[in-house]
1. Are any residues in region 102-120 part of a loop (DSSP other than H, G, I, E, B) and closer than 18 Å to residue 66 by Cα, and if so, which ones?
2. Just to be sure before I move on: is residue 170 part of a loop (DSSP other than H, G, I, E, B) and at pLDDT below 75 in the structure I sent?
3. Please verify whether residue 72 is under 24 Å from residue 40 (Cβ atoms) and at pLDDT below 90, treating the condition exactly as stated.
4. Residue by residue through region 44-95, note down the ones that are assigned to a loop (DSSP other than H, G, I, E, B), touching a strand residue (DSSP E or B) at 6+ places or on another chain (Cβ under 8 Å) and under 20 Å from residue 146 (Cα atoms).
């Protein structure tokens, strides 16, 4: 049997069930949300829960979320949350452009959790978060768990289990300095000359 390709151009967004993280471009929240998966999705409107599996891809404006399985929920108070699950071989992936710049934030982990009430995005298990300027990686953070707090605009990172690439399970961050505007070269002032052509001090 050929794989089934499901597409939901979110009728769910009308119910408020799907509202994805705003780590970056705020205009993304006003864009239509599209969800695709290889397997059928289940939508429980009574419980306000949607579950999709099989190469799931969610796009909304500049935001792209990829995972083997994604569960989207909304609390009775209207707060959205989501869990995107991947694996060590194929981690869940997140990418979104930042407001007012050419910067893009991308991250990957075996699990990505979004808490709309707390305003946090949590990357758990072999977590990597990068900030790109154009196509160049400006900053990169790796650890066992990385949490982006959208309210406080800060990132916290903790170490993880030891691995072949990181025997000590240590946190690693590489942060590039921001480009500075070079100072204008100093041009020497011209000497004033007298009527005879002799230089005057």
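The values are calculated or read from the model by the stated rules, or taken from the named source; none is laboratory data. Note that the coordinates shown come from a computational prediction; the quantities given were computed from them, not determined experimentally. FYI the Cβ positions are ideal-geometry reconstructions off the backbone, even for glycines, and counts take in every protein chain you see.
1. Going residue by residue through region 102-120, those that are part of a loop (DSSP other than H, G, I, E, B) are 102, 110, 116-119.
The one that is part of a loop (DSSP other than H, G, I, E, B) and closer than 18 Å to residue 66 by Cα: 110.
2. The answer is no for residue 170.
3. yes
4. 86, 87, 88, 90, 91
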